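These notes are about the structure you will find just below.
Values in this text are rule-based calculations from the coordinates and carry no lab data. Note that the structure is a prediction, hence the values are computed from the model and not measured. Don't worry about glycine lacking a Cβ; one is built from the backbone with ideal geometry, like all the others, and counts go over all protein chains shown.
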Amino acid sequence: MLYDVIILGSGPAGLSAAVYAQRARLSTLVIEEKPLSGGQILDTYEVDNYPGLPGISGFELGQKFREHADRMGTEFVNEQVTEIKDMGDKKLVVTGKKTYEARTLILATGARHRKLMVPGEEKFTGMGVSYCATCDGAFFRDKTVAVVGGGDVALEDALFLARGCKKVYLIHRREEFRGARILQERVRETENIELVLSSRVTELRGEEQVSSVVIHNMADETQHELQVQGVFIAVGISPNTIALDGVADQDDQGYILAGEDTRTSVPGIFAAGDVRTKQLRQVITAAADGANAVTSVERYLSGN
């Protein structure tokens, strides 16, 4: 079967695209790698910034997106994409099971947060450990938290959290930050931010929730334990583009070059959500990308 559009990924961008594609009466297939739809929000304990649904759990929001797509009659397969081939007016998507054909593709494979890979990180993800300060910071008002990282995002997260948190530890493995000078100055001027430099996190501890961070100071080879109620990890994110390499132009970090219209460098291939170059990576912007991608798909199909 030759589909009008194949959507790769079932996070907010992919599921939003599925709903809009079905409404546009396009023959649509969604290929998802994981057994559960929802993308990164499945790891978020509560989502408090999606309009109209304050306090909803990430898992529930992801399921609502999937249920909406199911009600529209979207076809899903759970397979891993190994290769994409651009044949001009036809695109081929190769998985471990078969090859699918479509007139257009929407790449909505998302991104993944880089992890510390230390004991306790997986256990407490969503239970005090977060990878998004703007998503989860409101739940830690008047509490003591730690931010791990040394780039712009880590510095911005520390400043953001300092507005509502009692205290913010900013832990960085080097003596100097990598972030912008102006952000460094603002961090150093903020009274309730304490710098913990030349230190790396070795373990996250707690019972049902994270309660402390164990750090190793590389300057004097000592170990300390900081009592915290939350840990925000900001050591970078990576786009999920392993199977997409060479498909369309990417920036130096691997994100697919595409604007708000989601058009990539290849006619008939569109990129939506966290996998594309963009200013803000949030559920609401990913969902908007899905809608924009289908509008661009419709325009492409009408011209071909």
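A few points about this structure:
- Counting neighbouring beta carbons within 10 Å and listing from fewest to most, the residues Ile41, Ile182 come out as Ile182, Ile41.
- Longest to shortest principal axis, alpha-carbon extents of segment 121-233, angstrom: 38, 34, 21
- By the equivalent-ellipsoid construction on the alpha carbon gyration tensor, segment 21-147 comes out with semi-axes of 34, 19, 12 Å, ordered largest to smallest.
- Other residues lying with their Cβ under 11 Å from the Cβ of Lys90 contribute a combined charge of 0, Lys and Arg counting +1, Asp and Glu -1.
- Derived scalar couplings between HN and Hα for segment 58-63 equal x, 4, 5, 5, x, 5 Hz in order, rounded to whole Hz, by the Karplus curve 6.51 cos²θ - 1.76 cosθ + 1.60 (θ = phi - 60°), x for Gly and Pro.
- Result for the chain in a Gaussian network model with C-alpha springs under 10 Å: among Val168, Val247, Val148, the largest mean-square fluctuation is at Val247.
- Orientation-averaged projected area, Cα convex hull of the chain (nm²): 16.4 nm²
- Ranking of Glu208, Glu298 by neighbouring Cβ atoms within 10 Å, starting from the fewest: Glu208, Glu298.
- Charge sum, other residues only, whose C-beta stays under 9 Å from Cys165's C-beta, Lys/Arg counted +1 and Asp/Glu -1: +4
- Electrostatic bookkeeping for Lys278 treats Lys and Arg as +1 and Asp and Glu as -1; over the other residues with beta carbon under 13 Å from its beta carbon, the sum is -3.
- Selection from Val297, Pro12, Ile41, by position along the positive dipole direction of the chain (Cβ): Val297
- Using just its DSSP H runs of length 4 or more, each adding -39500 (n - 2.57), the chain gives a mean residue ellipticity at 222 nm of -7500 deg cm²/dmol after division by all residues.
- Assigned charges on the beta-carbon of Lys, Arg, Asp, Glu; the chain dipole about Cα centre (debye): 500 debye
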